[in-house]
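Structure, as structure tokens:
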Amino acid sequence: MKKSFKFRQQIIAKIYQENDLPQEDIFANAKAEEEYFELKNIKKQLDRYLKTPSEKVIQNILNYSKNYNQALKAR
Amino acid sequence: MENYKKIDDSTLVKMYQKGDESAFEQLLQRHKSKAFTAILLIVKDYYTAEDLLQETFIKIIQTIKGGKYNEEGKFQPWVVRIAHNLAIDYFRREKRYPVIMMEDGTSLFNNLKFAEESVESLQVREELHSQLKFFIQRLPEKQREVLIMRHYADMSFQEIAKATDVSVNTALGRMRYALINIKKQIHKYGLNYEKKFQI
């Protein structure tokens, strides 16, 4: 049971490309294989969840940087 | 700007330190969405999140230009960490939550409280992003914490474990439950994610 729990954690590390767990090891277990693909899909959707700030905010930041740079040069 | 896309963060920071504004613009374009999303997931209000994003990058500008940047090779986690710190400060100023204890910069999420989600938020007509945001915000705090760190700060599980003072296995376990819980919520609230997400 403990081994199974650790194996599931290794699957998470695999999904995030943080270990070299062979896919064959996952596919040898039907439940593990199912979880692997399900969670991989959820991860893919979360990766797509990104909100972008308005262009006005980006311009404000860029302007601040330019002004800061000029102020430093003027010293 | 096209030429800057292939340049890594560390090099862009050095170029910016020498006065190259285009290098900074590339850094901003590259990291704005992850930082902004991380803030938005905490404060929930779009305009507040935009204000905090500006504050985040003002700190970044001042730190780099002041020669105090020492996060070699870890620019994005640093950016998101500043964003989170400012989100916490925002809650303190607003006095929405009790004082949050932080021992150091890496443990800043440990006692973070997130705003309560209103019932109205659960509406069928919500946009896909709103739905995902809602699902993330409904996660238990520790799970949400790991998810934000992994997805938006791009921290490894080892780094997350260190930052939250738990074992790597615990961090992995929390991430696993976070993903499972989101999957359950998607099923529970009837989102046809196979169609919407084009799986």
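The values are calculated or read from the model by the stated rules, or taken from the named source; none is laboratory data. The shown structure was predicted, so the numbers you read here are calculated from the model rather than taken from an experiment. Because the Cβ atoms are built from the backbone with ideal geometry, glycine has one as well, and the counts that use them run over all protein chains shown. Surface accessibility is based on the protein's heavy atoms, side chains included, excluding ligands, DNA and RNA. Shrake-Rupley method; radii C 1.70, N 1.55, O 1.52, S 1.80 Å.
Observations on the model:
- Filter pass, A:K43 being within 30 Å of B:L172 (Cβ to Cβ), facing another protein chain (nearest Cβ under 10 Å) and among the basic types (K, R): yes
- Of all residues in the stretch A:64-75, those being open to solvent by 70 Å² or more (accessible area, probe 1.4 Å) and more than 7 Å from chain B (Cβ to nearest Cβ) number 5.
- Enumeration of residues in the stretch B:138-190 that are at pLDDT below 85, more than 10 Å from chain A (Cβ to nearest Cβ) and over 22 Å from B:H31 (Cβ atoms): B:H187, B:K188, B:Y189, B:G190
- Some residue of the stretch B:9-16 being open to solvent by 60 Å² or more (accessible area, probe 1.4 Å) and over 19 Å from B:D154 (Cβ atoms): yes
- Flag if B:K95 is among the charged types (D, E, K, R), in the same structural domain as B:A23 (by TED's automatic domain parsing), at pLDDT below 70 and open to solvent by 10 Å² or more (accessible area, probe 1.4 Å): yes
- Within the stretch B:39-65, if we keep just the residues that are within 10 Å of chain A (Cβ to nearest Cβ) and touching a residue at least 40 places away in the same chain (Cβ under 8 Å), the residue that is farthest from A:I61 (Cα to Cα) turns out to be B:L41.
Okay, residues lined up against (1) outside any helix (DSSP H, G or I); (2) more than 18 Å from B:K162 (Cβ to Cβ):
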{"residue": "B:Q62", "(1), (2)": "no, yes"}
{"residue": "B:Y69", "(1), (2)": "yes, yes"}
{"residue": "B:Q76", "(1), (2)": "no, no"}
{"residue": "B:V79", "(1), (2)": "no, yes"}
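- Qualifying residue in the stretch B:19-32 (condition: facing chain A (nearest Cβ under 10 Å), under 19 Å from A:K51 (Cβ atoms), in a helix (DSSP H, G or I) and among the charged types (D, E, K, R)): yes
- Set A:K44, A:K6: member being over 30 Å from B:S33 (Cα atoms) and open to solvent by 70 Å² or more (accessible area, probe 1.4 Å): A:K6
- Total residues in the stretch B:167-188, condition part of a helix (DSSP H, G or I), of a type in the set (G, A, S) and farther than 12 Å from A:R8 by Cα: 2
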